[in-house]
Amino acid sequence: QVQLVESGGGLVQPGGSLRLSCAASGSISMLYTMGWYRQAPGKQRELVATISGGGRTNYVDDVKGRFTISRGNAQNPVYLQMNNLKPEDTAVYYCNARLTTKIYWGSGTQVTVSS
């Protein structure tokens, strides 16, 4: 059983940056597709970015050019660098690992963008 734990969230002013990390207990192989999702108050959880085992990335239009997803090692399999943050980026951010029928979620880290 794999557990994912996010870190790196916090309060930041508009235009600021944060780097989210995802730690895995139980290793995550490079075969997994890793992703970041977010859920704002009163809204559904939405995809932010994914990265495949081969390194192919995919971003939601709102974050293109501002966010960068990258892979790490088996214990820290994915990161999300967030630049030029906007108030509408405020949400709980979740790490996700997916391989065929195996899907794992973290419990989330809060990101608040406010002056």
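The values are calculated or read from the model by the stated rules, or taken from the named source; none is laboratory data. None of these values were measured; they are calculated from a predicted model. Cβ coordinates were reconstructed from backbone atoms using ideal geometry, including for glycine residues, and neighbour counts include every protein chain displayed. These accessible areas exclude ligands, DNA and RNA; they are computed on the full protein's heavy atoms, side chains included. Shrake-Rupley method; radii C 1.70, N 1.55, O 1.52, S 1.80 Å.
Among 38, 56, 45, which is the only one that is in contact with a Phe, Trp or Tyr (Cβ under 6 Å, 6 or more places away or on another chain) and over 18 Å from residue 17 (Cα atoms)? It would help to see each step written out before you state the result.
On the way: 38 fails: over 18 Å from residue 17 (Cα atoms); 56 fails: in contact with a Phe, Trp or Tyr (Cβ under 6 Å, 6 or more places away or on another chain).
Unique residue meeting the criteria: 45.
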In segment 30-49, what residues are touching a residue at least 40 places away in the same chain (Cβ under 8 Å), under 15 Å from residue 82 (Cα atoms) and touching a Lys or Arg at 6+ places or on another chain (Cβ under 9 Å)? 35, 37, 38, 48
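Has segment 92-102 got at least one residue that is aromatic (Phe, Trp, Tyr), open to solvent by 20 Å² or more (accessible area, probe 1.4 Å) and modelled with pLDDT of 95 or more?
yes
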Starting from segment 66-95, keep only residues that are over 15 Å from residue 49 (Cα atoms), then list their pairs with residues that are among the basic types (Lys, Arg) and assigned to a loop (DSSP other than H, G, I, E, B) whose Cβ atoms are within a distance under 7 Å, requiring at least 6 positions of separation or different chains. 84/66
Hey, can you tell me all the residues within segment 24-55 that are under 26 Å from residue 112 (Cα atoms), among the small types (Gly, Ala, Ser) and open to solvent by 40 Å² or more (accessible area, probe 1.4 Å)? 42
Across segment 59-91, which residue is surrounded by the fewest Cβ atoms within 10 Å (Cβ to Cβ) among those that are over 13 Å from residue 21 (Cα atoms) and basic (Lys, Arg)? 64
